[in-house]
Amino acid sequence: MTTSVRQSAVLYETLEEGRIARITLNRPGTHNAQNRQLLVELDDAFARAERDDMVRVVILRGSGRSFSAGHDLGSPEAVAEWTPGPDQHSTHSFNGGTLEGAEWRTRQEWHYYFENTRRWRELRKITIAQVHGKVLSAGLMLAWACDLIVAADDTVFADVVGTRLGMCGVEYFAHPWEFGPRKAKELLLTGDALDADDAHSLGMVSKVFPLDELDDRTLAFAQRVARIPSFAALLIKESVNSTQDAMGFPAALKSCFALHELNHAHWSEVSGGKVMAGTPEYGLDDWREAPALRRATKDQP
C-alpha cells in the first residue's frame, strides 16, 4: 500500500535580499481553508522566518480568490487527515489525538487552533497579513495574529460560526479587541460582514489597496517597515503587545477558549455524540448552502 504525496499547503520565499519573507497559503481550491497540513506547515514557515536573522518582516498572504475561508470542515483532504489509515495526519496520534471525549477535542484544538495562533502573535519579527476576498471565522485568527493587516478593496471579514454552527466564535477569541465589544456582539449574532473600508475605520486594517496592486503595494509597505532597525521594531511590537496583555488580553483568550470548548461539549451532548457543532435541525443555516454574506450597515436590521 502506498501513501499519496500531497502538494505543499504553504509556500515560503524571501525577497529584498532576504529582509522580507513571504508565506503563501496554498490551497486555492478550498479558499485556503485550514486543514491540519496547512496549519502545521504554516507553523513551520513562521518558525523558519523567526530563525533567519536576515528576515525583518514577514508577509502572510493567500493564493487564489481568498485569503482564508476558515477551518476546513469537510474537503477530501481534511476527511483523510481525520480518518485512520495511510493518509491520516501524524498529529492525530499525539497532543491528545489518541484520547477520547472532550479531552481529545480540547487538547487538539488547544495545540493546533489556539496556542499556535498565540505563538504567531509573539513572533520575533514584524508580521503583515495581506488579505483579499473572504476572511471568514478562523481566517480572522490568522490575520489577527499578525502585527499589521493590509486588505484588497474586495475583502470581506466575517465570523459566521454563530449563525451557521451555533458556536460562540472561534478558538482565538480576539473579536472584542479587534471590533470593539458591541460591534463584536452584533457581528457574531448576525453573521454580517465588514468590508475593507469598514475594517479600516475600526483601526483593524492599516491599508486598503486595489486588488490588482495588492502584492506590489504590500511589498512596498513591508519595505518601509523593514527599514526600521530590527531591535527597535521588536521593542515597538513588544511594547504594544505588553500593553494589550496588561489590559487582560491573554487571560481573556484563555477564558474564551474554555467557553468555546464548552460550546462543543454542549452540541456533542445534545446530539448524542454525533456532532460537535450545531446543524440545521437545530435551526441553523446549513454552512454548505448558507445565504450570501450581508454587509453590516447602520440602517438595515
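Treating only the Cβ atoms of Lys and Arg (+1) and Asp and Glu (-1) as charged, compute the dipole magnitude of the chain about its Cα centre; round to the nearest 20 debye.
500 debye
Using a Gaussian network model on the chain with a 10 Å cutoff between Cα atoms, which of 247, 141, 54 fluctuates the most?
247
How big is the Kirkwood radius of the chain, worked out from every pair of different alpha carbons and given in Å to one decimal?
One decimal place: 19.9 Å for the Kirkwood radius.
Which order do peptides 18-31, 127-140, 250-263 fall in by mean Cβ count within 10 Å, highest first?
127-140, 18-31, 250-263
Of all beta bridges DSSP finds with both residues in region 108-198, what is the antiparallel percent, to the nearest 5?
Among the beta bridges of region 108-198, antiparallel pairing accounts for roughly 20 percent.
What value, in deg cm²/dmol to 500, does the helix sum -39500 (n - 2.57) over DSSP H runs of n ≥ 4 give at 222 nm once divided by the residues of the chain?
Here the helix-only value at 222 nm equals -12000 deg cm²/dmol.
Restrict the search to region 58-154; then list the GluC sites (Glu not before Pro) that DSSP places in a loop and that have at most 10 other Cβ atoms within 10 Å of their Cβ.
100
Here, each number is a calculation from the coordinates, and none is a lab measurement. This one's a predicted model, so the numbers in the text were calculated from it and none came from an experiment. Here the Cβ is made from the backbone with ideal geometry for all residues, glycine too, and neighbour counts use every protein chain on show.
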